[in-house]
Amino acid sequence: MAKIEKIVLSYSGGLDTSIILKWLQETYGCEVVTFTADLGQGEELEPARAKAEMSGVKDIRIVDLREEFVSDFVFPMLRANALYEGQYLLGSSIARPLIAKHLVGIAREVGAHAIAHGATGKGNDQVRFELAVNALDPSIKIIAPWRQWNIRSRMQLLEYAEKHHIPVPSDKRGEAPFSIDANLLHTSTEGKILENPAEVAPDHVYQRTVDPVDAPDTPEIITIGFERGDPVSVNGKSMTPAALLTELNGLGGRHGIGRLDLVENRFIGMKSRGIYETPGGTILLTAHRGIESITLDRAAAHLKDEIMPRYAELIYNGFWFAPEREMLQALIDQSQTFVSGEVTLRLYKGSASVISRTSPLSLYSADLVTFEESAIAYDHHDAEGFIRLNGLRLRSWAARNGR
Ligand code: ARG
C-alpha cells in the first residue's frame, strides 16, 4: 500500500477530533491539514485554531460556509419541501455533502491523497461523507478513525487523551455528553438518556427553542417574500440566505417553533431516537407551502409531493451528489419558476401558521371559485357530466358486487 503523505481532517476542535488529530499524526506519521467549517453552529472557531497550532498543525483552514450552506444546499432542499419519514428536516444530512466538497477541494489544493472524518461507525454521517467524496473524487482515500482504532468507548477515549496530554474539559469527564450536531438549519441531540425512547427528553436538551408553554402570550405576525421558490425577505427587508435563516431562527426560537422528538430509521439499519430543533426551517417549510399553494398548478404540485419522499431519502442516505438526486433537483427547480410572492404567518406558542398569501403570478381565481354570481364562463352542467363519467366505473363495480 502506498504511504499516505498528507491528510485533510474535518476538525471541530472538540475533544473527539483533537484525539483523532493526534492519532492520525502518530499512526500515519505524516502532515495533517485541519479544516474547520463555520456552518453557523454558534461556536467560537478561533479556539480550534489555537488547539490545532498546539498540536503542531501548520496548515489550518477555517472557512465561513454559512452563505454557501444555505443558498446551495438548504434552499434547494426546501424547494422540494423535503422531510425524511414525514418529519425530519434533514439538518445534519444536508451539511455533510458541503463539508465533503470542501475537504476534497482542500485535498486537491494541498496535494493530499486522503481525508479523515470523526463520524462514528454506527451513524449515517460516515456514509454521507464518504459517498460524497466517492462522487467528487474517487482517487481520494478516506480514513475513518472510529472504525479503525481500538478505542471502543468514551472511557477509553478519555484514557487516550490523558496519555497524550490532550486537555479534557471538566464537563467531559465522568458522564459522557450528548452527541450534538448543530448548524444554521438545526441542532440535533442524541445519546445518553435519549437512547431510551420511552424516556421523556429532559428540558435541558433543548438549546435554541423555548418550551412552547413559556413562549410569549402575544402572537407575532411576520411576512416572508419568495422569488422563484426561495425566500428573499422578512417583513419587507431583503436578506442574504444565511442572514434570513438566522433571523427566522431567532423568531422561531423565541416562539418555541420547530421542536421534534423522533425515532427514525438510520440508513445503516438501526432505529435511533433524537431531538431536533429547526426553528427557521420549520417556518420556511410552512411559508413555502403557502406560496406554492397559489402559484403551482395542481398536477405540478402533486408530482412534487410524490417524488418528495424519494428525494428526501436520497439526501438522508448520502446521495446528494448522485445523478438521480440531480435529476430530481432539475424537476423541482423547474417547478419553482413562478413560485414568487409573499406569505404572512402567525407565530404563536410552538406553531407557525399561514394566515394570508399574495402573488402577482397567482393561479388563484376568486371569480372561478366564488359562491356568488360570477362573470367567468363556468357551466355547471359540465360538472354533471364530469361526475357521471368518473362514476361510470364505480357504478359497474357496485353492480357486479351486487350492492
Ligand atoms: N440522526 C441524524 C441524521 O442522521 C443526526 C445525526 C448527527 N447528529 C448527532 N447528534 N450526532 O441526520
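Just so it is clear, none of the values below were taken in a lab; they were calculated from the coordinates. Keep in mind it's a predicted model, so treat the numbers as computed, not measured.
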message: Can you say what percent of the DSSP beta bridges in region 61-214, counting only those with both residues inside, are antiparallel? Round to 5.
response: 60
task: Would you mind giving the average projected area, over all directions, of the Cα convex hull of the chain in nm² with one decimal?
output: 27.0
query: Hey, how many Å between the Cα centroid of region 60-106 and the Cα centroid of region 286-300?
result: 24
field: Normalised contact order of region 257-333, rounded percent, pairs of Cα under 8 Å and 6 or more residues apart
entry: 21
query: Can you list the HN-Hα couplings for region 316-322, worked out from phi with the Karplus curve (6.51, -1.76, 1.60; θ = phi - 60°), rounded to whole Hz and with x for Gly and Pro?
result: 4, 7, x, 9, 4, 8, 8
- line: DSSP beta bridges in the chain: the antiparallel percent, rounded to 5, is 70
field: Whole-number percent relative contact order across the chain, with pairs defined as alpha carbons under 8 Å at least 6 apart
entry: 17
- request: Could you go through region 290-304 in sequence order and give the Karplus-derived ³J(HN,Hα) for each residue, using 6.51 cos²θ - 1.76 cosθ + 1.60 with θ = phi - 60°, rounded to whole Hz, and x for Gly and Pro?
  value: x, 6, 5, 4, 9, 10, 9, 5, 4, 5, 5, 5, 5, 5, 4
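Could you work out the helix-only [θ] at 222 nm for the chain, with each DSSP H run of four or more residues adding -39,500 (n - 2.57) and the total divided by the number of residues, to the nearest 500 deg cm²/dmol? Intermediate results must be reported in sequence, preceding the final value.
Values: 14 runs with 163 residues, N = 403.
Using -39500 (n - 2.57) per qualifying helix, the result is -12500 deg cm²/dmol.
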statement: Phi angles of region 336-353, converted by Karplus (6.51 cos²θ - 1.76 cosθ + 1.60, θ = phi - 60°) into ³J(HN,Hα) in whole Hz with x for Gly and Pro, give 8, 3, 10, 8, 10, x, 10, 10, 10, 10, 10, 9, 7, 6, x, 10, 10, 10
message: So if I take the centroid of the Cα atoms in region 242-257 and the same for region 318-336, what is the distance between those two points in Å?
response: 27
task: Starting from the Cα of K141, draw a straight line to each of the aspartates and glutamates and keep only those under 13 Å, dropping any in the same chain fewer than 8 residues away.
output: E5, E130
query: Over what distance in Å are the Cα centres of region 387-403 and region 144-183 separated?
result: 67
query: Once amide H atoms are built 1.01 Å from N in the peptide plane, which residues 5 or more positions from V33, or in another chain, come under 5 Å H to H?
result: I7, V8, L9
task: May I ask which of K58/K237; K163/K192; K51/K271; K22/K101; K3/K192 have a Cα-Cα span longer than 32 Å here?
output: K58/K237; K51/K271; K3/K192
message: Let me check against my output: what whole-number percent is the relative contact order of region 57-126, with C-alpha pairs under 8 Å and at least 6 apart?
response: 21
